[in-house]
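Data first, discussion second: the structure below is written as structure tokens.
The values are calculated or read from the model by the stated rules, or taken from the named source; none is laboratory data. No experiment lies behind these values; they were computed from the predicted model shown. Backbone-built Cβ (ideal geometry, glycine too); neighbour counts: all protein chains shown.
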Amino acid sequence: MADVVVKQLQVGGGGGIVIDDDWPGYSLDLFSYPAHYSGDLDCVVVPHGVIMDRTERLARNIMDDLGDHDIVVLCVLKGGYQFCVDLVDKIKALSRNSNRTLPMRVHFIRLKSYLNDQSTEDLHIVGAEDLSFLAGKNVLIVEAIVGTGKTMKALLKHVESFSPKLIKVAGLLVKRVPHNSTCLPDYVGFEIPDRFVVGYALDYNEYFRDLNHICVISESGKTKYKI
Ligand code: HPA
Ligand code: MG
């Protein structure tokens, strides 16, 4: 099953920009990053500028598909905040520069399922609020990273229970993990190897959200911030 998913991802543009397992990443010396993280990172996987350029294209794809209806953006916190801000900004810029107008509401939902670099079994929706305002609406879920797809599946089930008209998912990163379910985002930024990444609001025990690039954390970084 996993093989099939990986192949589908690699043939179509829909799976996002594919970053191969054997690609070593960019040396950290080629970019600037906060000095307090020196020694904590192995390499840069996706530089900030590339994230922004890819996000601009995803915004266009989203406009092409959903641009005629107002949408409710559902930002998955905390990791999704930066991607959501930038994606919404790009969508706003596109609608300003075209004759289309796309009324958007932005809401937030907070999930927690990771401790250190391990997924915990249960998905917590922190402060689960009533999402009944989603009934009959076009919903765009904005998520930073999709791994096994378990979190996404549980979230979709939760959102579906409020009877929206349509649900689309934008995921900046999809990780090629061994047991990836077929639950993939409709809009994917990058497909990445199965390594723990941080930066651009993705954290390791709440650290590294203040790093602009998406990087691989080093073993010593993991040890330093372990709880
Ligand atoms: N980094 C940060 N958070 C995550 C990751 C990751 O690689 N995978 C799932 N949540
Ligand atoms: Mg996290």
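Among the conditions (1) more than 15 Å from the chain's Cα centre (by Cα); (2) more than 25 Å from Glu129 (Cβ to Cβ); (3) at pLDDT below 95, the only one that Lys175 does not satisfy is (1). Considering segment 146-160, the residues that are within 16 Å of ligand 2 (Cβ to nearest atom) and among the β-branched types (Val, Ile, Thr) include one that is farthest from Val76 (Cα to Cα), namely Thr148. Exactly one residue among Leu102, Leu111, Leu74 is within 16 Å of ligand 2 (Cβ to nearest atom) and not in a helix (DSSP H, G or I), and that residue is Leu111.
Can you tell me which residue in segment 132-145 is farthest from Ile17 (Cα to Cα), limited to those that are part of a strand (DSSP E or B) and more than 16 Å from ligand 2 (Cβ to nearest atom)? Within segment 132-145, the match that is farthest from Ile17 (Cα to Cα) is Asn138. Checked against the criterion of being basic (Lys, Arg) and modelled with pLDDT under 75, segment 111-122 contains one or more residues that satisfy it.
For segment 132-164, enumerate the residues that are of a type in the set (Phe, Trp, Tyr) and either touching a Leu at 6+ places or on another chain (Cβ under 9 Å) or at pLDDT 95 or above (or both).
Phe162
Is it the case, given these coordinates, that Phe190 is touching a Ser or Thr at 6+ places or on another chain (Cβ under 7 Å), farther than 19 Å from Lys112 by Cα and aromatic (Phe, Trp, Tyr)? It is false that Phe190 is touching a Ser or Thr at 6+ places or on another chain (Cβ under 7 Å), farther than 19 Å from Lys112 by Cα and aromatic (Phe, Trp, Tyr). Among the residues of segment 62-111, write down those that are of a type in the set (S, T, N, Q), surrounded by 15 or more Cβ atoms within 10 Å (Cβ to Cβ) and over 30 Å from Asn205 (Cα atoms). Once the filter is applied, which keeps residues that are of a type in the set (S, T, N, Q), surrounded by 15 or more Cβ atoms within 10 Å (Cβ to Cβ) and over 30 Å from Asn205 (Cα atoms), segment 62-111 yields only Ser95. Suppose the filter is at pLDDT 95 or above and within 16 Å of ligand 2 (Cβ to nearest atom); does Ile167 pass it? Taking the combined requirement at face value, the residue does not satisfy it.
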